[in-house]
Amino acid sequence: MAKKKKLQAVCPVEHGWKTIKPAGITEPGSAEELKTGDWRSQRPIHNMEKCIHCLQCFIFCPDCAIKTTEDGKFKEFDYYHCKGCGICAEICPVKAIDIADESESLEKEKKENKQNAKK
């Protein structure tokens, strides 16, 4: 009977696999502390003049990225968590939310910030 040859590990680890540190989300919970809006390619833009504060956007937002005031009105988008899915714009009964290209919106913000800094 032939001796079996011991296979070498493809990625050898000094003290075994149990010493490898886990990556990514390692504790149960939510994405509240994670900046999940970083990969957004589209951004919702709110038009306060059209808004009737029905909060349908708040109810349907899968990322809880819509902040409200204490008296139950739309306040702002939480771009830290918003992934730009567009559900808020689609569900808005008065079309008070538009979807814009993220890169164009960032360029516009930079220009506005420069103008405001000059004032």
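Read the figures in this text as sums done on the coordinates, not as results from a lab. Values in this document were obtained by computation on a predicted structure and should not be read as measured data. Neighbour counts run over all protein chains shown; Cβ positions are idealised from the backbone, glycine included.
At a glance:
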quantity: Search result, residues across the range 45-65 that are in contact with an Asp or Glu (Cβ under 7 Å, 6 or more places away or on another chain) and part of a strand (DSSP E or B); calculated: ILE45
quantity: Enumeration of residues in the range 70-119 that are of a type in the set (S, T, N, Q) and either under 16 Å from ASN47 (Cα atoms) or surrounded by 14 or more Cβ atoms within 10 Å (Cβ to Cβ) (or both); calculated: SER105
quantity: LEU34 being assigned to a loop (DSSP other than H, G, I, E, B) and under 17 Å from the mean Cα position of the chain (by Cα); calculated: yes
